[in-house]
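Visitor: Supplied in structure tokens, the structure appears directly below.
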Amino acid sequence: MNELILGGARSGKSTLAEKRAAESGLQVTYIATAHAGDAEMAARIAHHRARRPAGWKTVECALTLAETLKQQAGPQQCLLVDCLTLWLSNLLFAGRAAAQAEAGERVDCALLAGETDALLATLPTLPGRVILVSNEVGWGVVPANPLARLFADEQGRLNQRLAAVCDEVTLVAAGLPLQLKHTPTESNFGL
């Protein structure tokens, strides 16, 4: 089963994802997409690490998420990806897209498109459970600069495409989950 958990910054989405992973009864692997580029980000990463159970395995993945999921998935495995927003940012800056957007040039999102397509193709084939955490960034005003607009557009597209292929989609606001999508499966019926 695949679940997408969406929410704004500090909405409680990661806490909900960690709770669901812990309650899954499966072995949990935490797929971390962040890297500490400054002291504040290092503190955020340390906060996330400190609240994870000691028995959880952590795998860092900045770019090749589909490949990492394939390597880590298993029938008794719960993979928790936190978060897709940082993964998307990593992809934009690893290729030329971010620099092109900032320069006002035509943007080449080939790296992003390839990795996103690979993720969407891989998710339905994985055994076990996958929980994906992503920011909902589309409720604000249209950003003032080209790079921020590119990011907001690509994040919205990514979330829509993932929501279409995930069995469960939950939106978190103020720490409260709102189920947006639930696809009944045999396991939901106790079969």
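The values are calculated or read from the model by the stated rules, or taken from the named source; none is laboratory data. Here the structure is a predicted model, which means the values were calculated and not measured. Heads up, the Cβs are rebuilt from the backbone with ideal geometry, glycines too, and the neighbour counts pull from every protein chain shown.
Visitor: Under 8 Å by Cβ, and 6 or more places apart or on different chains, what pairs join a residue from segment 52-63 that is among the polar types (S, T, N, Q) with one that is part of a loop (DSSP other than H, G, I, E, B) and surrounded by 13 or more Cβ atoms within 10 Å (Cβ to Cβ)?
Guide: From residues that are among the polar types (S, T, N, Q), the pairs are THR58/ARG52.
Visitor: For segment 128-164, which residues satisfy the criterion of being under 22 Å from ILE31 (Cβ atoms), loosely packed, with under 14 Cβ neighbours inside 10 Å and hydrophobic (A, V, I, L, M, F, W, C)?
Guide: ALA164 - this is the single residue of segment 128-164 that is under 22 Å from ILE31 (Cβ atoms), loosely packed, with under 14 Cβ neighbours inside 10 Å and hydrophobic (A, V, I, L, M, F, W, C).
Visitor: Shifting gears a bit: From the set of residues in segment 1-44 that are more than 21 Å from ALA62 (Cα to Cα) and among the charged types (D, E, K, R), which is surrounded by the most Cβ atoms within 10 Å (Cβ to Cβ)?
Guide: Result: ARG20.
Visitor: Just for strands (runs of 3 or more DSSP E) wholly inside segment 100-191: which have at least 1 residues that are farther than 18 Å from CYS78 by Cα and of a type in the set (A, V, I, L, M, F, W, C)? Reasoning before the result, please.
Guide: Details: elements: 129-135, 168-173, 176-182.
Correct list: 168-173, 176-182.
Visitor: Spot the failing condition for THR15; the list is (1) free of Cβ contacts under 8 Å to residues at least 12 places away in the same chain; (2) more than 19 Å from LYS181 (Cα to Cα), and only one is missed.
Guide: (1)
Visitor: All but one of (1) closer than 29 Å to ALA113 by Cα; (2) touching a helix residue (DSSP H, G or I) at 6+ places or on another chain (Cβ under 9 Å) hold for ARG44, so report the exception by its number.
Guide: (2)
Visitor: What are the residues in segment 57-95 that are of a type in the set (Gly, Ala, Ser), modelled with pLDDT of 95 or more and assigned to a helix (DSSP H, G or I), if any? Explain how you work it out, then say what you get.
Guide: Keep residues of segment 57-95 that are of a type in the set (Gly, Ala, Ser), which gives 62, 66, 73-74, 89, 94-95.
Filter once more, so that each one left must be modelled with pLDDT of 95 or more: 66, 73-74.
Answer for segment 57-95, where residues must be of a type in the set (Gly, Ala, Ser), modelled with pLDDT of 95 or more and assigned to a helix (DSSP H, G or I): just ALA66.
Visitor: One residue is enough: does segment 53-74 have a residue meeting the conditions of a type in the set (S, T, N, Q) and in contact with a Ser or Thr (Cβ under 7 Å, 6 or more places away or on another chain)? Working first, answer last.
Guide: Step one: filter segment 53-74 for residues of a type in the set (S, T, N, Q), giving 58, 64, 68, 71-72.
So of that shortlist, the ones also in contact with a Ser or Thr (Cβ under 7 Å, 6 or more places away or on another chain) come out as 72.
The answer is yes; a qualifying residue exists.
Visitor: Something else now. Within segment 32-44, identify whether any single residue is under 14 Å from the mean Cα position of the chain (by Cα) and either closer than 15 Å to LEU150 by Cβ or among the aliphatic types (A, V, I, L, M) (or both), and answer yes or no. Let's see the steps before the verdict.
Guide: Our first condition is that a residue be under 14 Å from the mean Cα position of the chain (by Cα); within segment 32-44, this holds for 32-34.
Subset that is either closer than 15 Å to LEU150 by Cβ or among the aliphatic types (A, V, I, L, M) (or both): 32, 34.
Looking through segment 32-44, at least one residue is under 14 Å from the mean Cα position of the chain (by Cα) and either closer than 15 Å to LEU150 by Cβ or among the aliphatic types (A, V, I, L, M) (or both).
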